[in-house]
Every structure is written in C-alpha cells, then in structure tokens.
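Colleague: First, the structure itself, so that you have it in front of you.
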Amino acid sequence: MKHLLPILLLGGAMQAQSFTASVYAIPDEPSPRPFWTVENKVDFGILAGLVAADGITTQRGLNQGLREVNPLMRPLVTRGAGGEAVGSALGFGAGVGVAYWLHRGHHYKAERITMRLMVAGEAGFVANNIVAIH
C-alpha cells in the first residue's frame, strides 16, 4: 500500500501533463509565401529581357571598338557571343539566387526591393550601352 500511492500519484501527474500538452500545443508554423508569384515571374521576365538586351548592346559596342567597363565581365564578353551568354547567365543566376535567398529568410520586403533595384540597374546599363553605341 505504501508503494501504491506514489505510483497512482505519478500516473495521475503523467496523465495531466499529456492532457494539458495537447490542449496548449504550439500551432503549426504558417505556410510560407510561394516564391514564384505572378509578381516575381513578371520581375524575372523583365530582368531576363534586360539582361538579353544588355548582352546584345554590349556585343554591338565591342564590335564598334568600345570597351567593356566591368572588370569581372570583361574576360567573358570579349570572347564573343558564347562568352557573353555565359556572363549573362551567371549574372541572371546570381540575381535569382539573391532574391531566393532573401525569400527563404522571410525577408519579403527586401526581396521585392532588391528585385526592383536589379531591374532598374540593368535598365540603366542597357540605356548606357544604347547611348554609347549611337
């Protein structure tokens, strides 16, 4: 009888803990926002078009005797269209990677701002190339 009372009390305490744990359980994490929203698809589409325009205008400028200003891209773009394609793909991939990294970190506002800055910067590069070759 002396051992039965502690066993009953311990069993009751264990049942009470399991009961309250299910009532006050932590809710599931809210589902994350999808990365490929319509907004991101449009932004990446615009960025891809600008990267292609940058590549075309860069090659035209090089054919007219101009020089690539970016020292990181210079070794690639001076190798012709193939090098330009590799450089453009690397740049576009880096842009998508940065946006995805921000998205995965739940920095949605920073992701949107970064995408807009990348689009604006690439548009500036294309405009600069067009002015230089005309």
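The numbers here are math on the coordinates, done by the rules we state, and not lab data. All values reported here derive from a predicted model rather than from experimental measurement. Cβ coordinates were reconstructed from backbone atoms using ideal geometry, including for glycine residues, and neighbour counts include every protein chain displayed.
Colleague: Fully extended, how many nm does the chain gain between H107 and R79 (0.36 nm per residue separation, minus their Cα-Cα distance)?
Modeller: On the way: separation 28, 0.36 × 28 = 10.08 nm, distance 3.77 nm.
That pair, H107 and R79, stretches by 6.3 nm at full extension.
Colleague: Taking 1 over the mean of 1/r across every pair of different Cα atoms in the range 38-133, what Kirkwood radius in Å do you get? Working shown, then result.
Modeller: Values: mean 1/r = 0.0719 Å⁻¹.
Computed over Cα pairs of the range 38-133, the Kirkwood hydrodynamic radius comes out at 13.9 Å.
Colleague: Just to verify a number: FRET efficiency for N63 and A94, C-beta to C-beta distance, R0 = 30 Å, to 0.05?
Modeller: Numbers: r = 26 Å, r/R0 = 0.87.
The computed FRET efficiency comes out at 0.70.
Colleague: For the range 84-91, what does the Karplus curve 6.51 cos²θ - 1.76 cosθ + 1.60, with θ = phi - 60°, yield as ³J(HN,Hα) per residue in whole Hz, taken in order and with x for Gly and Pro?
Modeller: 4, 5, 5, x, 5, 5, 5, x
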